[in-house]
Structure formats: C-alpha cells, structure tokens
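To start, the structure under review is shown below, and the notes come after it.
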Amino acid sequence: MTLDLQLLDPDDERQLDAIVALFAATDAVDAPWRHGATPRSIRQEHLLGYDGDPEPFYLIRRGSDLVAVGAMALPSRDNLDSGWIYAAVHPDARRQGIGRWTYTELIGLATDAGRTVLGTFGIDLPHTRGFVDAIGFEVRSRSVTRRVTFADLPAGATEAAYAQALPYAADYDLLRVVGALPDDLMAGYVQAVAAINDAPTDDLEQQDEVFDAERVRAYERSHAVRGETLYRVIARHRETGEFAGHTVVTVDPERPTFGDQHDTTVVDAHRGHRLGVLLKTDMVRWLGEVEPACGMLTTSNAESNTHMIAVNDLLGYRPISHGIACQRTPSSPAV
Ligand SMILES: CC(C)(COP(=O)(O)OP(=O)(O)OC[C@H]1O[C@@H](n2cnc3c(N)ncnc32)[C@H](O)[C@@H]1OP(=O)(O)O)[C@@H](O)C(=O)NCCC(=O)NCCS
C-alpha cells in the first residue's frame, strides 16, 4: 500500500470539498449528531484554528482516492511541549493500517517541531479505544457532549430558571455583546476568560493556558473569518466593576438553526451566586430575540466538571455522546 500525505492548500476548493465529504462520511458512522464541517470552517481552522494558532489539515491519499484526513495543533502561547493530532479514516478504508500510518506521520511532524507531549481525541467508541491503545496513547480524560433542543423544553422553562437565579445575583449586571468586545472592556474581561483554567483536565498533562487581549482578539478574528456571529453575555459585579464571568455562543448565519456553546466561566471569587445559570439562561433568552431560527445548542465538558454539567442539566441539556482525550507522554509506558 502506498499512501501519500499532503498539506491542505486552503485556496484549493476541491481539496476543501473533499475534506468536508470525508468528514461527512465518518460522521455518518461515528457521530451522526454532528452538524458537519463546511469548506469555510475547514479553511478557517487550517489558517487560524480556534484562536489564532493554525490547525493544519492533511490529505491522505491512496492513488487518487482520499482515504483519510489528518489534523494537527501546536499551541504557541503555552503548553509549548504539547501537540494535538487527529485523523479520520474513511469508513470504507478502515482496518487497513491507514490510521496507524497517518498517526506515525503526524507524530513525526509534531516530534520534529519539538513536541514531546502528544495528544489525540475521539468519540468514545470501541474502535477508537482499540486504536488509541494500539498506537500507544492512554485515555486521560472523558468528556460528554450535550445538546438542548428548545422545542423539547416545557413552555417557560428558561424564563423560570432565569427568574429563580436572579435574586441570588442581585449584585451583578449582565452585559450582552455581539462581535468584537469594546476596547474599554478588554482588561477586565481577560480575567473572566482565564478562569477557564479552573475547569478540570483530569489526568491530562496540561499547563494553564495563557490569556491576554491579543488572544481574545485572535479568537474574535478567527470566528469572524469563519463568518460566525459571536454572542457574549458577561456578568459584572456592580460595586467593584469586576468581571465575574461570561458565556459565549456562536451562530453561523449560513446555518442559523443551531448554535455552538463555547466557554462559560465564573471567576472563583464570584461563585455561589447562580451566575452560571443566569449567564446561560440569559443567552438563551437573547438568542430567542436575535436568532429566532436557532433551535438548539451543543456543548462539551469534561465528565468530571460536575458544576457545569449541573447547570446544563437545569437548562435541559441531555447527553448525546461521550469523548476521550488521550496522551502519549515521555512518562507513558513504551508500546
Ligand atoms: C480510529 C481510526 C482512525 C482507526 O483507523 P484505521 O485505519 O481503521 O486503523 P488501523 O487499521 O491503522 O488500525 C491500527 C490498530 O488499531 C486497532 N483498531 C483499529 N480499529 C479497531 C477496531 N474496530 N476494533 C479494535 N481495534 C481496532 C487495532 O489494533 C489495529 O491493528 P490491527 O488491525 O493490526 O489489529 C478510525 O476508526 C476512524 O477514523 N475513526 C473516527 C475518527 C476518530 O475517532 N479519530 C481519532 C482516533 S483517536
């Protein structure tokens, strides 16, 4: 078997379409609940990733057939010893050694870039577990993906949860911000973003992430390039002006029937005021006004993140899938 690995050319529409088609084929088997990639989302992730660091895609071909897609992320602001790699093999081409070959190539690229702590992730399915075991990665964290479908909620449920939380948060104001954050809010806001470092990472070897204004702007740019609208609800302590927490949802105007829940944080000193519930319910109320077609939100957390999951349960989120995050580190047993 001769396989060939090629870095995506982000200006080549045929390559972008081919990657979208391969992910659609793998999702049909492994994760039919996913909304799927678009050429634009692939291009944007390749160039700018989640918040500015490129997350390059690779096409793996056997002859003229695209049999797998690889991806890699090498953080540039923190975790400089880490690299995250991923591959999806077309369902018709599985169990032929293509996954192993692709991971060997990607591990080589990440290692050449000086990364020694290598991670990968996938849906928690028997073949994913069998595969990570075979290529020497250990499962170090388990995640759960949940979805809320607004039409399934009892009438008035979100308003009721919001109203119940409100008296506990009497010392806080909520700010709603669409798109780029005004400059004068940035310094305080970065503290609320950085509170994501308190979210559990289980047994993953991972250092705290470094956040600053540049990173927040890179995140905004990255999602603007993707064409997504960014909705933020921010909680501010009235007396001190401190930013106590935030929640972020993106909606793609080309696919307005669903949104993606990004980070939600409440800063340590401001916990215990039902701000998690208040922020997330206010987001849903707001989306109802400005994105009336948006019928569902999807979110993922570590399974050990009991506080966030309790909030999500209250909002009517129900589990749809479980994931695993795995690592191969210098301390891992030899394969
Ligand atoms: C996981 C995935 C990449 C494996 O790709 P693949 O090309 O089928 O894997 P390989 O043929 O290289 O398998 C290598 C080894 O992994 C293990 N493995 C692979 N598929 C397995 C399965 N269905 N059940 C048990 N073990 C399996 C075996 O040990 C296998 O070696 P063997 O065939 O000699 O026994 C593929 O199933 C896939 O694309 N899944 C969806 C995307 C995904 O989850 N990617 C991230 C994975 S961490």
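The values are calculated or read from the model by the stated rules, or taken from the named source; none is laboratory data. Being a predicted model, the structure only gives us computed values, none of them experimental. Every residue, glycine as well, gets a Cβ built from its backbone with ideal geometry; the counts of neighbours run over all protein chains shown. Areas reflect the complete protein model, heavy atoms only, side chains present, ligands, DNA and RNA absent. Shrake-Rupley method; radii C 1.70, N 1.55, O 1.52, S 1.80 Å.
Overview of results
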{"read-out": "Segment 112-124 - residue that is in contact (Cβ under 8 Å) with a residue 24 or more places away in the chain and more than 7 Å from the ligand (Cβ to nearest atom) and, of those, most open to solvent (accessible area, probe 1.4 Å)", "value": "THR116"}
{"read-out": "Selection from segment 47-81 of residues that are away from the ligand (no atom under 16 Å from the Cβ) and either under 14 Å from LEU22 (Cβ atoms) or among the polar types (S, T, N, Q) (or both)", "value": "SER64, SER76, ASN79"}
{"read-out": "Residue list for segment 280-312, filter: more than 20 Å from ASP202 (Cβ to Cβ) and either hydrophobic (A, V, I, L, M, F, W, C) or modelled with pLDDT under 90 (or both)", "value": "MET283, VAL284, TRP286, LEU287, VAL290, ALA293, CYS294, MET296, LEU297"}
{"read-out": "GLN44 assigned to a loop (DSSP other than H, G, I, E, B), in contact (Cβ under 8 Å) with a residue 60 or more places away in the chain and either away from the ligand (no atom under 16 Å from the Cβ) or among the polar types (S, T, N, Q) (or both)", "value": "no"}
{"read-out": "Tabulated pairs, segment 91-107, first at pLDDT 95 or above and within 7 Å of the ligand (Cβ to nearest atom), second part of a loop (DSSP other than H, G, I, E, B) and open to solvent by 40 Å² or more (accessible area, probe 1.4 Å), C-beta under 9 angstrom, 6+ apart or interchain", "value": "GLN96/MET1; GLY97/MET1; ILE98/MET1; ILE98/HIS90; TRP101/MET1"}
{"read-out": "ALA293 being among the small types (Gly, Ala, Ser), farther than 27 Å from ASP173 by Cβ and in contact (Cβ under 8 Å) with a residue 40 or more places away in the chain", "value": "no"}
{"read-out": "Residues that are in contact (Cβ under 8 Å) with a residue 60 or more places away in the chain and surrounded by 15 or more Cβ atoms within 10 Å (Cβ to Cβ), drawn from segment 204-215", "value": "LEU204, GLU205, GLN206, GLU209, ARG215"}
{"read-out": "Conditions (1) in a helix (DSSP H, G or I); (2) open to solvent by less than 40 Å² (accessible area, probe 1.4 Å); (3) in contact with a helix residue (DSSP H, G or I) (Cβ under 8 Å, 6 or more places away or on another chain); (4) closer than 19 Å to THR240 by Cα: number failed by LEU185", "value": "(3)"}
{"read-out": "Given (1) polar (S, T, N, Q); (2) in contact with a Phe, Trp or Tyr (Cβ under 8 Å, 6 or more places away or on another chain); (3) farther than 26 Å from ASP53 by Cα, number of the condition THR120 does not satisfy", "value": "(3)"}
{"read-out": "Complete set of residues in segment 253-279 that are buried (at least 20 other Cβ atoms within 10 Å of the Cβ), touching a residue at least 40 places away in the same chain (Cβ under 8 Å) and over 15 Å from ALA194 (Cβ atoms)", "value": "HIS273, ARG274, LEU275, VAL277, LEU278, LEU279"}
{"read-out": "Qualifying residue in segment 116-137 (condition: touching a Pro at 6+ places or on another chain (Cβ under 8 Å) and closer than 29 Å to GLU228 by Cβ)", "value": "no"}
{"read-out": "Positions within segment 280-318 being over 16 Å from the mean Cα position of the chain (by Cα), open to solvent by 20 Å² or more (accessible area, probe 1.4 Å) and of a type outside the set (A, V, I, L, M, F, W, C), in sequence order", "value": "ARG285, GLY288, GLU289, GLU291, PRO292, GLY295, SER304, THR306, HIS307, ASP313, ARG318"}
{"read-out": "Segment 75-111, residues that are hydrophobic (A, V, I, L, M, F, W, C) and open to solvent by 50 Å² or more (accessible area, probe 1.4 Å)", "value": "LEU80, TRP84, TRP101, LEU109"}
{"read-out": "Options THR299, THR329, THR306: the member that is farther than 30 Å from ILE107 by Cα and among the hydroxyl-bearing types (Ser, Thr, Tyr)", "value": "THR306"}
{"read-out": "Residues of segment 139-151 satisfying the condition of being of a type outside the set (Ser, Thr, Tyr), away from the ligand (no atom under 12 Å from the Cβ) and more than 30 Å from ALA293 (Cβ to Cβ)", "value": "ARG140, ARG142"}
{"read-out": "Some residue of segment 196-203 being among the β-branched types (Val, Ile, Thr) and assigned to a loop (DSSP other than H, G, I, E, B)", "value": "yes"}
{"read-out": "Of all residues making up segment 3-41, the number that are among the polar types (S, T, N, Q), surrounded by fewer than 17 Cβ atoms within 10 Å (Cβ to Cβ) and part of a helix (DSSP H, G or I)", "value": "0"}
